[in-house]
Amino acid sequence: MIQTYFDQIKAVLDAYAATHTVLHSQITFETRPGEQGYLHGSITFQDGSILYFREYLDVVGTVVHREMYSYQYQDAANQLRFRYDNATHRPPLDAREHKHTADHIITGVAPTLPKTLAEIVSSNGWIP
């Protein structure tokens, strides 16, 4: 199950790389005991912006759950554009899933890695 998920993520990254929207990508997939997995890496886009990402995964039944994730997108000057994560905050937020922007935290949003990539491409006006 974890390997199927990894294959799906790799196919999405390969599709973006084929459009020349992505200049470089590095990703590591780790299968762990007990139907768990970890993936992490970075994607450099045509304007020098970078997405750093990581996911801890666990299979329950036939569903892959993201136990922990972080998708941090920053511009070529290393300034945060946004970050999605489900880290615990102090003081607590209204929801575990949230999005950080330069000025705000928006609760209740939990996109997947492919949806985060689509948001980056769309917000920059790039055509995949």
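The values are calculated or read from the model by the stated rules, or taken from the named source; none is laboratory data. What you see is a predicted model, and the numbers here were worked out from it, not measured in a lab. Please note: Cβ atoms are built from the backbone with ideal geometry, for glycine as well, and neighbour counts cover all protein chains shown.
When Arg96, Arg81, Arg90, Arg66 are checked against the criterion of being surrounded by 13 or more Cβ atoms within 10 Å (Cβ to Cβ), out of contact with any strand residue (DSSP E or B) (no Cβ under 6 Å at 6 or more places or on another chain) and either free of Cβ contacts under 8 Å to residues at least 40 places away in the same chain or not in a helix (DSSP H, G or I) (or both), a single residue qualifies: Arg96. When the range 38-59 is filtered for residues that are of a type outside the set (Phe, Trp, Tyr) and either modelled with pLDDT under 95 or more than 15 Å from Ser70 (Cα to Cα) (or both), the ones remaining, listed by number, are Thr44, Gln46, Asp47, Gly48, Ser49, Asp58, Val59. Of all residues in the range 13-59, those satisfying the criterion of being assigned to a helix (DSSP H, G or I) and buried (at least 17 other Cβ atoms within 10 Å of the Cβ) are Leu13, Tyr16. Checking each residue in the range 83-128 for being of a type in the set (S, T, N, Q) and either at pLDDT 85 or above or over 17 Å from Tyr56 (Cα atoms) (or both) picks out Asn86, Thr101, Thr107, Thr112, Thr116, Ser122, Ser123, Asn124.
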